[in-house]
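Trainee: I'd like to ask you about the structure that follows.
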Amino acid sequence: MINFTVHGCCAGTEPLPGARHTSYCMEINGSVYWIDAGENCSYSAHLNGVDLLATRAIFITHPHMDHIGGLGNLFWNIRKLTYVYKDEGMARMEGKTVSLRVSELRSWHGIYETLCCTEGDFKINFNIDAAPVVDGEIYRDENMVVTAHHNSHLIPKTEGDWKSYSFVIHADGKKIVCCGDIRDYAEIGDVYEGADMIFVETGHHKVDKVCNFFLEKGYNFGKLVFVHNGRRVLDHYEESLETAKSLVGDRVIISRDGMKFSL
Ligand SMILES: [Zn+2]
């Protein structure tokens, strides 16, 4: 079983009550995997029962602040808990590798430099395997395989040097699509077909158009989870849910901070 927790359901708006920037995670066989790391993601996750020391990999769709703003604090909190839990924490993290995939490694280098200026010079007893996101397979372990598919939310300055990605995850016999910020859902092809769960961003799209896209394409899919919600959705939650349900039925979830669900 895969357990999901939404830490931040919001697109890159100004601070809004109860709706932090984009981040959610999945727990599989005791390991935690993150999709995006918006502000306060580790704070919310820890207080919501997610075991930060079980973090195995972090996947960042693109380096905008509403997706990466909490990454430094996520690593800071992992280190903090390593010491807070003393011998047990140290033992759990000793020699462990936490993988990070981010299209713009410059972002990570800046965050890492900042961390190195914090308490204890960020000395850690675990490894961070940071690598850029590129098209194709970007991660594999015994729990999951992740492939990346570039999208045109960010237009590359140099041709082909894509900075914004969607992810397709195969885990526990399930297929999960995380679309990231995207101009047109169609631009990453038919990756949605057969997905058990599709995380769709609604910050740049209208509720009815999102649902109709998947209906008109005729894809077989399980759940449609709205994330990266803009004010249009957040300010009219019930109305948006009603509209979405009238089109795709109970297959839709409009995420909220702290929400948990399973697959
Ligand atoms: Zn965004």
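The values are calculated or read from the model by the stated rules, or taken from the named source; none is laboratory data. Keep in mind that this is a model prediction, so the values were computed, not measured. Backbone-built Cβ (ideal geometry, glycine too); neighbour counts: all protein chains shown.
Trainee: Tell me, which residue of the stretch 61-82 that is closer than 18 Å to Thr13 by Cβ and among the β-branched types (Val, Ile, Thr) is nearest to the chain's Cα centre (by Cα)?
Mentor: Checked the stretch 61-82; the qualifying residue nearest to the chain's Cα centre (by Cα) is Thr61.
Trainee: What is the one condition in (1) more than 30 Å from Ser31 (Cβ to Cβ); (2) charged (D, E, K, R); (3) surrounded by 21 or more Cβ atoms within 10 Å (Cβ to Cβ) that Lys206 does not satisfy?
Mentor: Looking at each condition in turn, Lys206 falls short on (3).
Here is a yes/no grid of residues against (1) among the basic types (Lys, Arg); (2) in contact (Cβ under 8 Å) with a residue 60 or more places away in the chain; (3) over 21 Å from Ser255 (Cα atoms):
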residue: Val146; (1), (2), (3): no, yes, yes
residue: Asp184; (1), (2), (3): no, no, no
residue: Phe213; (1), (2), (3): no, no, no
residue: Gly218; (1), (2), (3): no, no, yes
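Trainee: Which one is surrounded by the fewest Cβ atoms within 10 Å (Cβ to Cβ), of the residues in the stretch 158-199 that are within 13 Å of the ligand (Cβ to nearest atom) and either modelled with pLDDT under 95 or β-branched (Val, Ile, Thr) (or both)?
Mentor: Top of the filtered list is Arg183.
Trainee: Would you mind finding the one in Ser44, Ser31 that is within 24 Å of Asp196 (Cβ to Cβ) and modelled with pLDDT of 95 or more?
Mentor: Ser31
Trainee: Can you list the helices (runs of 4 or more DSSP H) found entirely within the stretch 70-146 that contain at least 3 residues being under 18 Å from Ala57 (Cβ atoms) and polar (S, T, N, Q)?
Mentor: Working: elements: 71-84, 86-93, 105-116.
Correct list: 71-84.
Trainee: Another question, then. Given the condition of a type in the set (Ser, Thr, Tyr) and within 18 Å of the chain's Cα centre (by Cα), answer yes or no: does some residue in the stretch 113-135 qualify?
Mentor: no
Trainee: Give the residues of the stretch 1-28 that are within 14 Å of the ligand (Cβ to nearest atom) and part of a loop (DSSP other than H, G, I, E, B), sorted by residue number.
Mentor: Cys9, Ala11, Gly12, Thr13, Glu14, Arg20, Thr22, listed by residue number.
Trainee: Right, next: Does at least one position in the stretch 217-238 carry a residue that is surrounded by fewer than 19 Cβ atoms within 10 Å (Cβ to Cβ) and either among the polar types (S, T, N, Q) or in contact with a helix residue (DSSP H, G or I) (Cβ under 6 Å, 6 or more places away or on another chain) (or both)?
Mentor: yes
Trainee: All but one of (1) within 16 Å of Ile124 (Cβ to Cβ); (2) more than 16 Å from the ligand (Cβ to nearest atom); (3) under 16 Å from the mean Cα position of the chain (by Cα) hold for Tyr85; state the number of the condition that does not hold.
Mentor: Status for Tyr85: all satisfied but (3).
Trainee: Would you say Asn40 is within 16 Å of the ligand (Cβ to nearest atom), in contact (Cβ under 8 Å) with a residue 24 or more places away in the chain and surrounded by fewer than 22 Cβ atoms within 10 Å (Cβ to Cβ)?
Mentor: Yes: the conditions hold for Asn40.
Trainee: From the residues in the stretch 147-157 that are among the hydrophobic types (A, V, I, L, M, F, W, C) and in a loop (DSSP other than H, G, I, E, B), which one is farthest from the ligand (Cβ to nearest atom)? Don't jump to the end; show me each part of the working.
Mentor: Residues of the stretch 147-157 among the hydrophobic types (A, V, I, L, M, F, W, C): 148, 154-155.
Narrowing further to those that are in a loop (DSSP other than H, G, I, E, B): 154-155.
Working: Leu154: 10, Ile155: 15 Å.
Looking at the filtered set, the residue picked out is Ile155.
Trainee: Let me ask something additional. What single numbered condition from (1) within 16 Å of the ligand (Cβ to nearest atom); (2) over 14 Å from Asn151 (Cβ atoms); (3) of a type in the set (D, E, K, R) fails to hold for Lys209?
Mentor: (1)
Trainee: Please identify the pairs in which a residue from the stretch 56-68 that is in contact (Cβ under 8 Å) with a residue 40 or more places away in the chain has its Cβ atom under 7 Å from the Cβ atom of a residue that is more than 8 Å from the ligand (Cβ to nearest atom) and among the acidic types (Asp, Glu), counting only partners at least 6 apart or on another chain.
Mentor: Filtered contacts from the stretch 56-68: Arg56/Asp141; Ile60/Asp36; Thr61/Asp36; Pro63/Glu104; His67/Asp36.
Trainee: When the stretch 1-23 is examined, which residues are found to be under 14 Å from Gly230 (Cβ atoms), surrounded by fewer than 24 Cβ atoms within 10 Å (Cβ to Cβ) and of a type in the set (Gly, Ala, Ser)?
Mentor: If the condition is that a residue be under 14 Å from Gly230 (Cβ atoms), surrounded by fewer than 24 Cβ atoms within 10 Å (Cβ to Cβ) and of a type in the set (Gly, Ala, Ser), then Gly12, Ala19 are the ones that fit.
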